[in-house]
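Undergrad: This is the structure, below, for whatever I ask next.
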Amino acid sequence: MNQNMKTIFLFLLLSVAFKFSSAQPMNITYKNIDRKNEELNSILNVTYPQIDFGPDALMGARGIASDINNALDAVVQSYINSFESNLKDLKLRLDDSKQSSLKVSSEAGISGGSLLSVKFTIFSDIPGMAHPVTNDSSFNYSIVSTGILKLRDLFSPDSEFLKFLSAYSQKELEAKAYSEGNENIFDMIRSGTLPEEKNFTVWNIKNDSLIITFNPSQSAPYYFGVQSVPVPLSAMLNLIDKSGPLEFMFR
């Protein structure tokens, strides 16, 4: 297949996918898990999204929803497994009179009718540890692209998106730190925003922006908590893959 034929085929594929997503829009509901583990003296409180395309959804749409929901189930189960594994490893050193807890909350949104973006906030409190721990994580899925997304999937292969995001994030975080009299954390900001994929693993799409999240201790001391930088998608149009998950920006 020559390049022109590939381009035509891709255009037709995206057109069909867009019509499909418009005719059968994604809906978000939330699933709850409340569980107590007597053996580990722990409680779980987990809320996370599930997707459907409505009661009249065609089989193909139901299959996509099932794929997304199975992936979300697996992500949440990994958080639970990690928490319970830590408890088992620490059991001999824990104060059995105090209860450990895991709380997972989430916020989900749909952009362009085709891109699901979920932010998870994971809070764990284990007696005997120095302090409770809060971290954010993300899950992004496109029904017109590669399914579960990595940040690089949003951008053209030859774009230097990491350099752009690094410079943008550093500038925003330094401006915030300066306004609060915290110039002493500039070195941490620069280290935590270096143009490396490991520094940009938590991200979401919301309100036509790419929200980059920096977890505690990445770009500032732990007690600063979670930091985030919204980057307008309109500022990156020359970097975005026009036939990728953000193709709706060019309709």
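Undergrad: Do you know which residues across segment 95-124 are modelled with pLDDT under 95 and surrounded by fewer than 20 Cβ atoms within 10 Å (Cβ to Cβ)?
TA: Asp95, Asp96, Ser97, Lys98, Gln99, Gly112, Gly113, listed by residue number.
Undergrad: Mind checking which residues of segment 38-51 are in a strand (DSSP E or B) and within 14 Å of Ser97 (Cα to Cα)?
TA: Across segment 38-51, the qualifying residues are Ser42, Ile43.
Undergrad: Taking the condition without any contact (Cβ under 8 Å) to a residue 24 or more places away in the chain and not assigned by TED's automatic domain parsing to the domain that holds Gly244, does Gly128 pass?
TA: Numbers: without any contact (Cβ under 8 Å) to a residue 24 or more places away in the chain: no; not assigned by TED's automatic domain parsing to the domain that holds Gly244: yes.
Criteria not met by Gly128.
Undergrad: Hey, another quick one. Any idea which residue in segment 25-54 is surrounded by the fewest Cβ atoms within 10 Å (Cβ to Cβ), counting only those that are under 21 Å from Gly112 (Cα atoms) and without any contact (Cβ under 8 Å) to a residue 24 or more places away in the chain?
TA: Filtering segment 25-54 for residues that are under 21 Å from Gly112 (Cα atoms) and without any contact (Cβ under 8 Å) to a residue 24 or more places away in the chain, the one surrounded by the fewest Cβ atoms within 10 Å (Cβ to Cβ) comes out as Thr29.
Undergrad: Whether any residue in segment 229-248 is closer than 27 Å to Gly113 by Cα, at pLDDT 95 or above, polar (S, T, N, Q) and touching an Asp or Glu at 6+ places or on another chain (Cβ under 8 Å) is what I want to check.
TA: Looking for residues that are closer than 27 Å to Gly113 by Cα, at pLDDT 95 or above, polar (S, T, N, Q) and touching an Asp or Glu at 6+ places or on another chain (Cβ under 8 Å), one finds at least one in segment 229-248, hence yes.
Undergrad: Right, another one. Taking segment 207-243 only, how many residues are under 15 Å from the mean Cα position of the chain (by Cα) and under 14 Å from Asp136 (Cα atoms)?
TA: So the answer is 9.
Undergrad: What do you reckon, is Ala130 at pLDDT below 95 and either over 24 Å from Asp241 (Cβ atoms) or not hydroxyl-bearing (Ser, Thr, Tyr) (or both)?
TA: Details: at pLDDT below 95: yes; either over 24 Å from Asp241 (Cβ atoms) or not hydroxyl-bearing (Ser, Thr, Tyr) (or both): yes.
Judged against the criteria, Ala130 is a match.
Undergrad: Return yes when Ser101 is polar (S, T, N, Q) and either touching a Gly at 6+ places or on another chain (Cβ under 8 Å) or not assigned by TED's automatic domain parsing to the domain that holds Thr29 (or both) and no when it is not.
TA: Against the criterion (polar (S, T, N, Q) and either touching a Gly at 6+ places or on another chain (Cβ under 8 Å) or not assigned by TED's automatic domain parsing to the domain that holds Thr29 (or both)), Ser101 does not qualify.
Undergrad: Mind telling me which of the residues Ala71, Ala57 ends up being in the same structural domain as Val118 (by TED's automatic domain parsing) and either hydroxyl-bearing (Ser, Thr, Tyr) or outside any helix (DSSP H, G or I) (or both)?
TA: Just a single option satisfies the conditions, and that option is Ala57.
Conditions (1) out of contact with any Ser or Thr (no Cβ under 9 Å at 6 or more places or on another chain); (2) modelled with pLDDT of 90 or more; (3) farther than 30 Å from Asp241 by Cα, marked per residue:
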residue: Leu10; (1), (2), (3): no, no, no
residue: Ala17; (1), (2), (3): no, no, no
residue: Met26; (1), (2), (3): no, yes, no
residue: Pro49; (1), (2), (3): no, yes, no
residue: Asn69; (1), (2), (3): yes, yes, no
residue: Gln77; (1), (2), (3): yes, yes, yes
residue: Ser85; (1), (2), (3): yes, yes, yes
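Undergrad: Tally up the residues in segment 163-184 that are within 24 Å of the chain's Cα centre (by Cα) and crowded, with 18+ Cβ neighbours inside 10 Å, please.
TA: 8
The values are calculated or read from the model by the stated rules, or taken from the named source; none is laboratory data. Please read these numbers as outputs of a predicted model, since none were measured by experiment. Cβ atoms come from the backbone with ideal geometry, glycine included; neighbour counts cover every protein chain shown.
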